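Step one of this worksheet: look at the structure below.
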Amino acid sequence: VGVATAISYTASSKTIYCSGWDGADATEKYWLLTIPFTTAIPANSTLSIDWQAYGTNTAPKNWDIEYSTDNANWTKIGSVAYTSAIKDYDLSQALASGIPAGTIYIRFKVNGTVSINDGTVASGGNSRLANIEVYY
């Protein structure tokens with residue numbers, strides 16, 4: 001969301017990617033996952049997200065990972081810094097209250113304009129995601 005390029009796929013690394021993460025509104029750019037849950041997630045459960053990611057040198061370095069049940073109100077699970085080599089990430093959030101059956105939204109949101117090479121995010125920098133697992 002917020003980027004001007006289409007999502008592409010690289011078979012060799014099995015990653016999806018896109019560029020266009022630069023600009024003054026960079027913090028309003030994010031990957032958005034829409035995941036249907038057929039059963040409610042009970043209170044006192046832990047929502048977990050495991051994934052792999054990396055980017056080119058001019059891609060965003062800092063990301064906030066958030067979830068929502070209405071695609072409007074977001075709860076931050078944590079923050080990560082991407083590198084130029086593929087890396088495993090995992091974050092978990094304890095749920096004080098349950099989440100009803102339906103759709104859960106996960107977003108990987110750009111947090112600032114610092115690039116992976118510690119410069120500024122540029123238009124050609126691409127962010128990559130692979131092997132995303134969401135579970136409780």
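The values are calculated or read from the model by the stated rules, or taken from the named source; none is laboratory data. All values reported here derive from a predicted model rather than from experimental measurement. Every residue, glycine as well, gets a Cβ built from its backbone with ideal geometry; the counts of neighbours run over all protein chains shown. Just so you know, the surface numbers come from the protein's heavy atoms only, side chains and all, with ligands and any DNA or RNA stripped out. Shrake-Rupley method; radii C 1.70, N 1.55, O 1.52, S 1.80 Å.
Points to keep in mind about this one:
- Residue match in the range 96-112 (condition: touching a Pro at 6+ places or on another chain (Cβ under 8 Å), surrounded by 16 or more Cβ atoms within 10 Å (Cβ to Cβ) and closer than 12 Å to SER127 by Cα): yes
- Number of positions in the range 114-136 that are open to solvent by 60 Å² or more (accessible area, probe 1.4 Å), assigned to a loop (DSSP other than H, G, I, E, B) and either at pLDDT below 95 or under 24 Å from ASN71 (Cα atoms) (or both): 2
- Pair list, Cβ < 6 Å and 6+ apart or interchain, from the range 10-24 residues that are in a loop (DSSP other than H, G, I, E, B) to residues that are open to solvent by 40 Å² or more (accessible area, probe 1.4 Å) and polar (S, T, N, Q): SER19/THR5; GLY20/THR5; ASP22/SER123
- Among the residues making up the range 34-50, those that are assigned to a loop (DSSP other than H, G, I, E, B) and either of a type in the set (A, V, I, L, M) or closer than 24 Å to SER123 by Cβ (or both) are ALA40, ALA43.
- When we screen ASP64, ASP25 for residues that are open to solvent by 30 Å² or more (accessible area, probe 1.4 Å) and among the acidic types (Asp, Glu), the only hit is ASP25.
- Residue pairs meeting the criteria (Cβ under 7 Å; at least 6 apart or on separate chains; first within 23 Å of GLY119 (Cα to Cα) and in a loop (DSSP other than H, G, I, E, B), in the range 51-79; second aliphatic (A, V, I, L, M) and open to solvent by 50 Å² or more (accessible area, probe 1.4 Å)): LYS61/VAL114
- Scanning the range 80-95 for residues that are open to solvent by less than 50 Å² (accessible area, probe 1.4 Å) and in a loop (DSSP other than H, G, I, E, B), we see that the one that is farthest from THR120 (Cα to Cα) is LEU95.
- Subset tally (residues that are closer than 26 Å to SER97 by Cα and in contact with a strand residue (DSSP E or B) (Cβ under 7 Å, 6 or more places away or on another chain)) for the range 31-72: 23
- Identity of the residue in the range 83-124, touching a Lys or Arg at 6+ places or on another chain (Cβ under 9 Å) and of a type in the set (D, E, K, R), that ends up nearest to TRP63 (Cα to Cα): LYS109
- Evaluation of ASN44 against the conditions (1) out of contact with any Leu (no Cβ under 9 Å at 6 or more places or on another chain); (2) open to solvent by 50 Å² or more (accessible area, probe 1.4 Å) shows that the sole unmet condition is (1).
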